[in-house]
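First up is the structure itself, then whatever we jot down about it.
Please treat every number below as a calculation from the coordinates, not as lab data. Please read these numbers as outputs of a predicted model, since none were measured by experiment. So basically every Cβ, Gly included, is an ideal-geometry build from the backbone, and we count neighbours across all protein chains shown.
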Amino acid sequence: MRLDEAASVESLRGLQFERLKAVLARAFAQVPRYREKFAAAGLDPGDLRELDDLGKFPFTTKEDLRATYPFGMFAVPMAEIARIHASSGTTGKPTVVGYTRSDLETWAGLMARSIRAAGGRPGDKVHNAYGYGLFTGGLGFHYGGEHLGAAVIPVGGGATARQVQLIDDFRPDILMATPSYALTIADEFARQGLDGSRCSLRIGMFGAEPWSEFMRAEIEARLGLTALDHYGLSELIGPGVAQECADAIGALTIWEDHFLPEIVDPDSGQVLPEGEAGELVLTTLTKEGMPMIRFRTRDLTRLLPPARGRPMRRMERVKGRSDDMLIVRGVNLFPSQIEAVLAREERVAPHYRLELSRPGRLDELAVVVEARAETEFQLSEEIAENVARLIKMLVGVTARVQVAAPGTIARSEGKAARVLDLRPKQ
Ligand code: DLL
């Protein structure tokens, strides 16, 4: 059964239930790890009598993938696996994911749907600056563009001067990149003496890392395009889970016919009522190669009602990951909160670095932020004081702020690394 976009909520829930029953049965029958975990919880797939029963089933975490490394979560024989991707974890072994041929088709279809929802059309030229290789971003967007009937330019990440030259010469309509790399490209336009805001790009599809309205405004102004958010993760499929649609800006529509979302309390794991903020938990409804049951994403967001005339719920922009949360002298802090504060000081650019140290007994937070090119150097002290005051007032932590010269903070070519935690490990 397929679902058209204007289907009712009831038919969507019906489809989800049918698919969920099948995926639980497949996971139980084919993956020993699921069988053991279900059994330990005293459950089998027959205990799913309605959608809400999913909450009784155990979570899957990165730990499960690590314990079964590399292929233990696959639900089909290797002969049926058509592609393997991996994401480099910050600790230990990478996370490995496998796709059947039919999974690859589903994925391309979801990416084509995302590009169309962003305003892309067959015949558009897309400049794909997501990294190709084991990372899911490059190939995920690539096949989605082809599936839609667009002309895909497989540039990949890096060699930024050449990216600008290609955009200038090939005149693409859509840019696909991490938001931090889109800013790096915008800077390179300026460095080459070109006006990025007059380039050919119409739409940007940005994701793979948290970003903010501040960055959206900056990217839109400097590249003259509409910047839309795209969310996904390797364990579930890669990119292709949720897309901010051009006609429903402000939240991302979750492709709920393929992924079932829940929001849980990150500490207790309790399912939270709709609308409350917490950790996103996702279940794949159609993946064959590697079904994921109640995967703890660690991403913090909330579920919102569907946009008018659509059945699929939306999610708020991801504010950060529960494991990215910094605790500075007991105060919880997300890098995105600092980014939001920087938006209030117009003399600084959205390039920053947070450095945490503990010279004595207490944590110290240093915020290094870049001045805009037109900011006068003599003002840096005054700007630093103002930013420190705003951080204290709005976030509640004391920070030492340093305003650096334009272009001095390392630029990203993929996912930005903005936090340097130099505190001794406990
Ligand atoms: O980053 C897949 C992807 C590629 C998504 C290209 C969007 C565009 P991973 O490398 O496994 O997969 O990283 C997944 O990145 O759990 C989030 O923490 C973060 N993330 C992804 N998209 C967003 C977003 C890809 N739009 C992890 N906003 C996820 C905030 C995001 N964080």
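Data for the structure
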read-out	value
Value of relative contact order over the chain, rounded to a whole percent, pairs C-alpha under 8 Å and six or more apart	14 percent
Label-point gap, in nm, between Ala151 and Asp52 - each point 7 angstrom along Cα→Cβ	5.4 nm
Among Ile338, Ile84, Ile327: highest mean-square fluctuation, GNM of the chain, C-alpha pairs under 10 Å	Ile327
Inter-probe distance in nm under a simple model that places probes 7 Å from Cα toward Cβ, at Ala343 and Tyr69	3.8 nm
Alpha carbon convex hull of the chain, projected area averaged over orientations, nm²	21.3 nm²
Under 13 Å from the Arg83 label point (7 Å along Cα→beta-carbon), backbone N, segment 147-179	147-148
Prolate/oblate/rounded call for segment 1-109, Cα gyration tensor, a/c under 1.5 rounded	oblate
Förster-model FRET efficiency, 30 Å R0, Glu10 and Ser322, C-beta, rounded to 0.05	0.35
Three-way shape label, segment 82-188, alpha-carbon gyration tensor, a/c 1.5	oblate
Folded to 0 to 90 degrees: helix 136-148 orientation relative to the chain principal axis, Cα	70 degrees
Most mobile listed residue (Leu272, Leu110, Leu201) in the chain, GNM with C-alpha springs under 10 Å	Leu272
Whole-angstrom gap from segment 348-389 to segment 149-172, using each part's C-alpha centre	34 Å
CD proxy at 222 nm, helix term only [per DSSP H run n ≥ 4: -39500 (n - 2.57); per residue of the chain; nearest 500]	-9000 deg cm²/dmol
Highest-first arrangement of 360-367, 211-218, 113-120, where packing means the average Cβ count within 10 Å	113-120, 211-218, 360-367
Dimensions (Å) - segment 95-139, Cα atoms, principal axes, largest first	32, 23, 14
Built amide H within the under 5 Å cut-off of Gly250, gap 5+	none
Rounded if a/c under 1.5, otherwise prolate or oblate - segment 302-368, Cα gyration tensor axes	oblate
Residue exposure sequence - Phe295, Phe377 - by fewest surrounding Cβ within 10 Å	Phe377, Phe295
Distance between modelled label sites at Ala366 and Arg101, nm, 7 Å Cα→Cβ extension	5.7 nm
Charge dipole (the chain, unit charges on Cβ, about Cα centre) - positive-most of Phe135, Ala404, Gly123	Phe135
Only Lys, Arg (+1) and Asp, Glu (-1) charged, at Cβ; the chain dipole about Cα centre in debye	640 debye
Segment 273-426, dipole about Cα centre (Lys/Arg Cβ +1, Asp/Glu Cβ -1), debye to the nearest 20	700 debye
29 Å Cα cut-off, lysine pairs counted over the chain (separation 8 or more, or different chains)	28
Dipole axis of segment 232-352 (+1 Lys, Arg; -1 Asp, Glu on Cβ), positive-most option in Leu280, Met325, Ile293	Met325
Listed residues Asp229, Asp187, Asp247, most fluctuating in the chain (Gaussian network, C-alpha, under 10 Å)	Asp247
On Cα atoms only, tilt of 213-223 relative to the major axis of the chain in degrees	70 degrees
